[in-house]
Amino acid sequence: MNNMNITDIVNPANLVYKKNSVLNDLPMHYCPGCSHGVVHKLLGDIIEELNIQEQTIGVAPVGCAVFAYKYLDIDWQQAAHGRAPALATAIKRLLPDRYVFTYQGDGDLAAIGTAETLHACNRGENIVIIYINNGIYGMTGGQMAPTTLLGMKSTTSPKGRMYERDGNPLDMPKLLAELDGVCYVTRQAVHTVGAVKKCRRAIKKAFEYSALNKGTSIVEVVSTCNSGWKMTPDFANRWMVENMFSKYPLGDIKDTIQA
Amino acid sequence: MTEEIIIAGFGGQGVLSMGKILAYSGLVQGKEVSWIPSYGPEQRGGTSNVTVILSDDRISSPVLNTYDTAITLNQPSLDRFESLVKPGGTLIFDGNGLSRMPSRKDINIYQINATEYSISHNATKTMNMLILGGLLKVKPIIEVDNVLSGLKKMLPERHHHLLPMNEQAIKAGMKLIQVFTV
Amino acid sequence: MRKGSEEIMLMKGNEAIAHAAIRCGCDGYFGYPITPQSEVMETLMELEPWNTTGMVVLQAESEVASINMVYGAAGCGKKVMTSSSSPGVSLMQEGISYMAGAELPGVIVNVMRGGPGLGTIQPSQADYFQAVKGGGHGDYKMPTLAPASVQEMADLTVLAFDLAFKYLTPTMLLADGIIGQMMEKVVLPPYQPRLTEDEIRAKYPWATLGKPHGKKPNHITSLELLSEDMENLNKRLQARYRTLEKEEVRFEEIACEDADYVFVAFGISARVCQKAVEIARSEGIKAGLLRPITLYPFPVEKIKELSNRVKGFTVIELSAGQMVEDVRLAVNGKVPVEFYGRMGGVVPSPNEAFNALKEKLIQ
């Protein structure tokens, strides 16, 4: 190994890993340590693997992922805050043979877009909802989200979220799993290699299910926001495992197709 | 020829559908027509009215100050619209339950006790057709055949077996209407 | 009834919109019930166009969802619409602004009722400002068509789609409770087939239908973080609005040739004024009526031209006076411009309109 030079290293014969072709060659605007980049990569992987790049339309939210459309080489629409499921509903209704997914954060899906999310799910729209839950508003600088844990500090709950004032953190996937229109709900994370692999399988399943016309598939990814949480990326991951997972336990919540 | 008509009564008395039949009949007779309901909660039991205009020319305002003919089926409607009949115009009223009768001397007034008649003949569903018959008797603006074609056009096919019953009611209404002298 | 080969039908203005939409090749309708326009969706559900033309009809959970469904479908190059009445259209303003920013075509029908607030279900024209001055945020304009008959409810639905796609903009059909609820004769527009996906790709290469192999992806967005880029988008929009203002002004003149006094009114008010013109003429007053059909773009040049030869204008609206401001801007002080309006759902009678002309303007 010692006598390998750069040419040997980039030799295609020595290739052990390649970025998927759906992910664009662009530096991402996400903070170092953010979970978004990993989930974007997984989406690219799966779109490539299922060979559905030409049939997939993504709907980007308002929030940190507002520029998601820059990073994946597919057709995208960028929605008003919270309205992604309404856009996706219409796109899928008018183009029923396409793969349509929304990519939403917890402010987008669980606060301002609660109605659109719930009703799209209740109608059983055959779409995939990718739900990034990091318990905070990242884009606007770390304000309290509906998913912020009790006692968790944010710029609008500087002394921590209080039940008496702010209510309990909202578990949307658990709530949505109650709806007959929803066929698959799972909660994943991307903080370890093992978790990333599981999450990849879950997203793939969601896309496959959406082609079966059996209803809505929801993949929540419990994520870190080290900037908003004011932690180092490594500490944020540990903090997530210790604090977020007890409120948002990982695993499948509903799967009517495999069951 | 332009005939501006207001029909008013309680919701459920068939005011809007009578107006509709008149409008459809006008269409069959090749006239310009407009039909405006008072829409909203009135449909659910309050006072309801409909303006119908039949004309040989393009209809300008479907909203009117005064009417050539007013048809009133209850006291509030009589109270509201008697004064809005143009001098020389026509008022047709149902006498059921009235405590104050019409009083104008410069218009032609007719009474038709359609409510009473339709109850005694167990035919309240065609009460409005009695009144329509009465109207056509005193103001033959539309031919009865065209009214029947209009009705046929308006009713879904599954209700077409009711046409003879409606025709009978129109004819009965023509006999029932009487001149009212103030 | 047939007139030539065309069938003459009798229906409500709201129903005419539904029929016209199906016939002009509309791909989708998304709406939420509200009086006085619920017949639009009810008629569509009754007609079941998904069985004939393939048009999608969906009752949404709110007007917010409806307009965003319109956004999503329009982003795919589809011909789609929604309809509502004043309070619902207020809820749609966010989505309309996003559509303007993302340069998306779509038709929004507002069958106006009296406000503010929950207001009344009776007719009104008090959403004029909201429609023509940009009801949502940001610098945008929306072509706004004002039907004054059931026939125009049908015809202008078709035109609204044409303008929406020609100028890539949300376009509004601004009607009122009476035009929506009244029945009149109507000859429906001829059937046009819906566009195929290939046709959409050819005509609207920006549409997100799925990225063809080897091509760049399409992005529907109104977001440009760089000020210069956002200014360029705005410049493009403004240039389009100037073209609209030059090429798409529509109005009707009634008895204006020899008129001394001219009513300016749209929608149901114009019908009332038409009768007021008859009353005035019967009293020897040479009155006329200018009826803007496009409220944006507004017939500024026509009004300027009239102001050179008439003694004054009377503007009649179902509001506290909104369009009158645009008439005054066009007249620019040359002759008096008087206003008479009723609010909160009250419709002025032809006599009221005539008296306004006589008492405010002529005396």
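Some observations on this one:
- When Rg and the Kirkwood radius Rh are both evaluated on Cα atoms of region A:101-187, their ratio Rg/Rh stands at 1.01.
- Sequence-separation-based contact order of chain C, relative, with Cα cut under 8 Å and 6+ spacing, percent: 18 percent
- Pairwise FRET efficiency - B:His121 versus B:Glu157, Cβ, R0 = 41 Å, nearest 0.05: 0.95
- Spin-label model distance (nm) - C:Glu6 vs A:Asn168, 7 Å beyond Cα toward Cβ: 6.4 nm
- Pairs exceeding a 19 Å alpha-carbon distance, out of C:Lys286/C:Lys360; A:Lys92/C:Lys203; C:Lys166/C:Lys302; A:Lys92/A:Lys254: A:Lys92/C:Lys203; C:Lys166/C:Lys302; A:Lys92/A:Lys254.
- Fluctuation leader among C:Lys311, C:Lys215, C:Lys78 - chain C, Gaussian network, Cα springs under 10 angstrom: C:Lys215
- Computed E for B:Ser99/A:Lys159 - FRET, C-beta separation, R0 56 angstrom, nearest 0.05: 0.20
- Debye equation applied to the C-alpha atoms of the protein assembly as shown, log10 I(q)/I(0) at 0.05 Å⁻¹: -0.35
- Helical contribution to [θ] at 222 nm, DSSP H n ≥ 4, -39,500 (n - 2.57), averaged over chain C, rounded to 500: -12500 deg cm²/dmol
- Using a Förster distance of 56 Å, the FRET efficiency for C:Glu252-A:Lys19 (Cβ separation, nearest 0.05): 0.35
- Neighbour-count ranking [beta-carbon atoms within 10 angstrom, fewest first] of A:His40, B:His160: B:His160, A:His40
- Against the main long axis of the alpha-carbon atoms of chain C, helix C:86-102 sits at an angle near 60°.
- For A:Tyr99, the residues 5 or more places off, or on other chains, whose built amide H falls under 5 Å of its own are A:Thr56, A:Ile57.
- Per-residue Cβ neighbour rank within 10 angstrom, fewest leading, C:Glu252, C:Glu228: C:Glu228, C:Glu252
- Gaussian network model of chain C, springs between alpha carbon atoms under 10 Å - residue of C:Glu248, C:Glu338, C:Glu61 with greatest fluctuation: C:Glu61
- Summing Cβ point charges (Lys, Arg +1; Asp, Glu -1) relative to the Cα centre of the protein assembly as shown gives a dipole of roughly 680 debye.
- Taking a quarter of the surface of the Cα convex hull of region C:251-362 gives a mean projected area of 5.9 nm².
- Region C:257-304 and region B:80-140 have Cα centres separated by 38 Å.
- Computed on region C:269-351, with alpha-carbon pairs under 8 angstrom and 6+ residues apart, the relative contact order is 34 percent.
- Helix-derived mean residue ellipticity, 222 nm - over chain A, DSSP H n ≥ 4, -39500 (n - 2.57), to 500: -8500 deg cm²/dmol
- Adding -39500 (n - 2.57) for every DSSP H run of four residues or longer, then dividing by how many residues chain B holds, sets the calculated 222 nm ellipticity at -11000 deg cm²/dmol.
- Ranking of B:Arg80, A:Arg83, B:Arg158 by count of other Cβ atoms within 10 Å, fewest first: B:Arg158, B:Arg80, A:Arg83
- For chain A, the Cα gyration tensor yields ellipsoid semi-axes of 28, 25, 16 Å (square root of five times each eigenvalue, largest first, whole Å).
- Evaluating 6.51 cos²θ - 1.76 cosθ + 1.60 at θ = phi - 60° for every residue in region B:97-107, the Karplus couplings come out as x, 7, 9, 10, 8, x, 9, 6, 9, 9, 10 Hz, glycine and proline recorded as x.
- Rough spin-label spacing in nm, given labels placed 7 Å along Cα→Cβ, for C:Trp50 and C:Glu224: 3.9 nm
- Cα gyration tensor, region B:2-179 - rounded (a/c under 1.5), prolate or oblate: rounded
- Highest-fluctuation residue, B:Gln75, B:Gln111, B:Gln168 considered, GNM on chain B with Cα pairs under 10 Å: B:Gln168
- For region A:34-119, the fraction of C-alpha pairs more than 21 angstrom apart is 26%.
- Remark on chain C: Rg and Dmax equal 20.7, 73 Å (Cα only).
Readers should treat all values here as calculations from the given coordinates under stated rules, not as data from a laboratory. All values derive from a computational prediction rather than experimental measurement. Counting neighbours? That spans all protein chains shown, and the Cβs are built from the backbone with ideal geometry, glycine included.
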